[in-house]
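One structure is given below, encoded as C-alpha cells.
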Amino acid sequence: MIQQRANFDWMLKELADGVYGVRQIVVLSADGLRIARYGGDPDGADRLAAACAGLQSLATAVATEIPESDGQMRMVIIEVNNGYFYMMAAGAGAYLAVLAEETVDAGMVSNRMRDLVVRIGDHLTSPPRRDGQAV
C-alpha cells in the first residue's frame, strides 16, 4: 500500500528533472484512482489515471492473445502528434504513467521509469478495494 505520498514527490520530481521533456507523471491504482502526481494539474492527473485503467485492461486483453504470454501488461507506449505516453506496471495493482513532449529521449524515459519502479516497486502497490475502502 502507498502509505506516504509525500515521499513520492521527490522521486517523481527526480524522474521529471532527469529527462528533458517529461511534462506529467501519475502513479495510479489498477482501478484508475490517482495515488500521486508530479506536474500538470490535479484534474488532468485524475483524468489520465481513469484513462489508464481502461488502457491497462485493453493491454492485458491483447497480451492474452500472445502465445506463451502470462497475460500481464508490463509497458505501453503511445506516440501521438507532439508527444508520447508511457504506462508501466509498477507493483501489485499500481501503475506509473508519464506524458512527455515529442523532443523527449524516448528510450531514456522508459529506462528511468524502470529504474524508479525497481527502486520503489514494493511501495508502489495498491491493495484491492471493496466499497471504496482498502481490503
Exercise for the section: Using the structure shown, decide if D115 is among the acidic types (D, E) and at pLDDT below 85. Expected result: no
Exercise for the section: For segment 45-56, indicate whether the set of residues that are assigned to a loop (DSSP other than H, G, I, E, B) and without any contact (Cβ under 8 Å) to a residue 12 or more places away in the chain is non-empty. Expected result: no
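From L12, L33, L28, L55, grab the single residue that is of a type outside the set (D, E, K, R) and either farther than 21 Å from S110 by Cβ or in contact with a His (Cβ under 6 Å, 6 or more places away or on another chain) (or both). First the steps, then the outcome.
On the way: L12 fails: either farther than 21 Å from S110 by Cβ or in contact with a His (Cβ under 6 Å, 6 or more places away or on another chain) (or both); L28 fails: either farther than 21 Å from S110 by Cβ or in contact with a His (Cβ under 6 Å, 6 or more places away or on another chain) (or both); L55 fails: either farther than 21 Å from S110 by Cβ or in contact with a His (Cβ under 6 Å, 6 or more places away or on another chain) (or both).
Only one candidate qualifies: L33.
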Fill in the blank from the handout: The number of residues in segment 9-28 that are of a type in the set (A, V, I, L, M, F, W, C), part of a strand (DSSP E or B) and out of contact with any Phe, Trp or Tyr (no Cβ under 7 Å at 6 or more places or on another chain) is 2
Problem - Candidates V22, V80 - the one that is within 19 Å of R114 (Cα to Cα) and among the aliphatic types (A, V, I, L, M) - result: V22
Exercise for the section: Only one of these is closer than 22 Å to G44 by Cβ, of a type in the set (V, I, T) and touching a residue at least 40 places away in the same chain (Cβ under 8 Å): V80, V109. Name it. Expected result: V109
Practice task
Output the number of residues of segment 35-57 satisfying the condition of being surrounded by 14 or more Cβ atoms within 10 Å (Cβ to Cβ) and within 26 Å of T103 (Cβ to Cβ).
Solution key: 13
Handout entry: strands (runs of 3 or more DSSP E) fully within segment 58-107 counting 1 or more residues that are at pLDDT 90 or above, touching a Phe, Trp or Tyr at 6+ places or on another chain (Cβ under 7 Å) and surrounded by fewer than 14 Cβ atoms within 10 Å (Cβ to Cβ)
Key = 75-80
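The values are calculated or read from the model by the stated rules, or taken from the named source; none is laboratory data. Here the structure is a predicted model, which means the values were calculated and not measured. As a convention, Cβ positions derive from the backbone with ideal geometry for all residues, glycine included, and neighbour counts pool all protein chains shown.
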